[in-house]
Amino acid sequence: MTRPTLPNPVADGEGPVLSIFGHLNELRIHLTRAAIALLVTTAFSFLFAKRLLLFLIQPYVNSVPDAVAALQTLRPTEGIETYFRVSLLSGVVLAMPIILFEFWRFIQPALHRHERRYIYIFIPAGLFLFGLGLAFSWFILAPAGVFFLANFMPDIFRAEWTGQEYISFVTRLLLWIGLSFQMPIIIYFVARVGLVTASTLRSQWRVAIVGIAVLAAVITPSIDPVTMLLTMGPLLILYILSIGLAAIGQRQYERSMALLDSRPAV
């Protein structure tokens with residue numbers, strides 16, 4: 001009895017066939033590399049975290065009536081914890097190209113040789129959408145949310161926020177909006193491997209609206225409807241864009257399966 005041979009990854013452009021544990025081991029390797037890159041960029045961000053802190057408190061300074069606004073610290077370690085949080089946010093932004101590259105290297109074996117050139121589209125598109133999400137959250141959501149919270153019933157409440165609470169929801173807002181803008185790319189590759197279809201996304205639009213509303217409620221700093229609608233608007237547009245990309249990925253998956261079925265048996 002002869003032992004069956006696996007397809008030659010060089011000849012047909014496909015990676016070797018791995019078991020589920022092999023895939024998990026590959027995922028562990030790429031996650032480890034991404035974590036090391038994040039550790040290095042976070043450590044590098046310590047050098048300018050103070051200037052980044054001064055930059056991040058500008059929406060608060062512009063929203064309170066006092067000419068000079070400062071963030072309070074109620075615990076001995078609160079200031080340094082906030083400093084580390086800002087450094088981590090900066091580290092994520094700086095390490096994003098490497099994180100996307102490691103994600104690409106993980107899914108690359110499942111692609112044909114001619115499809116691997118998509119890296120020249122995937123990484124720039126991912127960085128563009130991440131930067132677009134950061135810009136949207138910083139220039140639109142953060143000023144509106146901070147101003148609303150700082151001036152809510154000023155005759156009763158006075159805005160004297162702690163550094164940890166303020167920096168926490170600002171960095172959370174920036175990070176999660178930036179990551180949520182990756183939706184079109186993620187859905188494309190999920191469709192590319194045959195896990196979802198464009199028709200399913202179209203038929204489940206009601207569920208998508210509810211999910212986007214829940215996501216907007218979780219990541220926005222306030223519960224007022226204006227801020228939630230500002231968050232839901234671009235996410236809904238990205239979902240519509242994702243349907244189109246899913247259709248492209250689905251067609252590519254079907255062509256790959258048809259090519260695989262047409263191969264002679266070995």
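The values are calculated or read from the model by the stated rules, or taken from the named source; none is laboratory data. Keep in mind it's a predicted model, so treat the numbers as computed, not measured. Don't worry about glycine lacking a Cβ; one is built from the backbone with ideal geometry, like all the others, and counts go over all protein chains shown. All accessible areas refer to the heavy atoms of the entire protein, side chains included, with ligands and DNA or RNA removed. Shrake-Rupley method; radii C 1.70, N 1.55, O 1.52, S 1.80 Å.
As an exercise, use a Förster radius of 51 Å and the Cβ-Cβ distance of E81 and S199 to find the FRET efficiency, rounded to the nearest 0.05. Intermediate results must be reported in sequence, preceding the final value.
Details: r = 47 Å, r/R0 = 0.93.
The value I calculate is 0.60.
If I model a spin label at V226 and M257 as a point 7 Å from the Cα along the Cα→Cβ vector, what separation in nanometres do I get?
In this crude spin-label approximation the distance works out to 4.9 nm.
Quick one: if the Förster radius is 30 Å, what FRET efficiency do F106 and I140 give, using the C-beta to C-beta distance and rounding to 0.05?
On the way: r = 33 Å, r/R0 = 1.11.
With R0 = 30 Å, the Cβ-Cβ based efficiency is 0.35.
Report the gain in length on full extension from I186 to R113: 0.36 nm times residue separation, minus Cα-Cα distance, nm rounded to one decimal. Could the numbers behind the result be given before it?
On the way: separation 73, 0.36 × 73 = 26.28 nm, distance 2.04 nm.
This chain segment gains 24.2 nm when fully extended.
Can you give me the Rg/Rh ratio for the stretch 37-181, using Cα atoms for both radii and the Kirkwood formula for Rh? Write out the running numbers ahead of the final one.
Values: Rg = 18.5 Å, Rh = 17.0 Å.
That ratio equals 1.09.
Could you tell me what a quarter of the Cα convex hull surface of the stretch 152-255 works out to, in nm² with one decimal place? Kindly include the intermediate steps, with their values, before the conclusion.
Numbers: hull surface 30.2 nm².
The directionally averaged projection comes out at 7.6 nm².
Considering the alpha-carbon set of the stretch 106-181 alone, what are its Rg and its Dmax in angstrom?
19.2, 66
Percent of accessible area on the stretch 111-155 owned by carbon and sulfur, 1.4 Å probe?
Values: 1870 of 2490 Å².
About 75 percent, which is the carbon plus sulfur part of the accessible surface.
How much accessible area per residue does the stretch 90-155 have, counting only protein heavy atoms and a probe of 1.4 Å, in square angstrom? Can you show the working numbers first?
Values: 3420 Å² over 66 residues.
Here the residues of the stretch 90-155 average 52 Å² of exposed surface.
Extension gain S168-L47, at 0.36 nm per residue separation less the Cα-Cα distance, in nm?
41.6 nm
Counting every Cα pair in the stretch 55-106, what percent are over 17 Å apart? Display every interim value, and only then the final one.
Numbers: 773 of 1326 pairs.
Of the Cα pairs, 58 percent sit more than 17 Å apart.
Determine the per residue accessible area of the stretch 171-263 with all protein chains present and a 1.4 angstrom probe, expressed in square angstrom. Each step should come with its number before you reach the end.
Working: 4770 Å² over 93 residues.
Normalised by residue count, the accessible surface of the stretch 171-263 is 51 Å².
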